[in-house]
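The values are calculated or read from the model by the stated rules, or taken from the named source; none is laboratory data. What you see is a predicted model, and the numbers here were worked out from it, not measured in a lab. Positions of Cβ are generated from backbone atoms using ideal geometry, with glycine treated the same way; all protein chains shown enter the neighbour counts.
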Amino acid sequence: MKKRAENIAIVAWVIALVATLGSLYFSEIRLYEPCKLCWYQRIIMYPLVLIYLIGVIIKDKKVFIYGMVFSSIGLLVSWYHYAIQKLPFFQDSAPSCGQVSCIGAYINWGGFITIPFLAGIAFTLILITSIVGFKYLKEE
């Protein structure tokens, strides 16, 4: 893997690491109990930290493919979760999420920034960096 592609993978790793630490901050320090959809997003985000770290260490060119797959799935879950928080049409059809409601929002900065929104931003950035890294490797 060339240095530029390696740097792109490191950027994706940093994004995944910050998102992981952010989710742990909300649950362990602020004591916000995650809902079921938050757990699904964590299940998708947390491995990205290891995938990109190992990919950089062993210089695996396929790391960007793995990143695209995981971040695309995570982005869909985040969009859905954000939609059931913000759109009444989706709230009516929201599934039962267990003890903590998936409709509730622990944070609502600026009237639109919620935890699923933040996760969606992270997944989007990882997806973009994965696509850029993949295209860069394809051009080699």
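Let's see how each residue does on (1) touching a residue at least 60 places away in the same chain (Cβ under 8 Å); (2) not aliphatic (A, V, I, L, M):
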site: Val77; (1), (2): no, no
site: Leu87; (1), (2): no, no
site: Asp92; (1), (2): no, yes
site: Cys102; (1), (2): yes, yes
site: Leu118; (1), (2): yes, no
site: Thr124; (1), (2): no, yes
site: Lys135; (1), (2): no, yes
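Looking only at region 82-140, residues that are in contact with a helix residue (DSSP H, G or I) (Cβ under 7 Å, 6 or more places away or on another chain), under 25 Å from Val18 (Cα atoms) and among the polar types (S, T, N, Q) come to 5 in all.
Checked against (1) at pLDDT 95 or above; (2) among the β-branched types (Val, Ile, Thr); (3) surrounded by 15 or more Cβ atoms within 10 Å (Cβ to Cβ), Ile43 passes all but a single condition, namely (3).
Restricting region 35-66 to residues that are assigned to a helix (DSSP H, G or I) and of a type in the set (Lys, Arg), the residue that is farthest from Leu21 (Cα to Cα) is Lys36. Just one residue in the set Leu48, Leu31, Leu21, Leu76 is modelled with pLDDT of 95 or more and on the phi > 0 side of the Ramachandran plot; that residue is Leu31. Among the residues of region 103-138, those identified as modelled with pLDDT of 95 or more, part of a helix (DSSP H, G or I) and among the aromatic types (Phe, Trp, Tyr) are Phe117, Phe123, Phe134.
Any idea how many residues of region 41-75 are within 15 Å of the chain's Cα centre (by Cα) and without any contact (Cβ under 8 Å) to a residue 12 or more places away in the chain?
The first filter runs over region 41-75 and keeps only residues within 15 Å of the chain's Cα centre (by Cα), leaving 41-52, 64, 66-75.
Now restrict to residues that are without any contact (Cβ under 8 Å) to a residue 12 or more places away in the chain: 43, 50, 69.
Qualifying residue count, region 41-75: 3.
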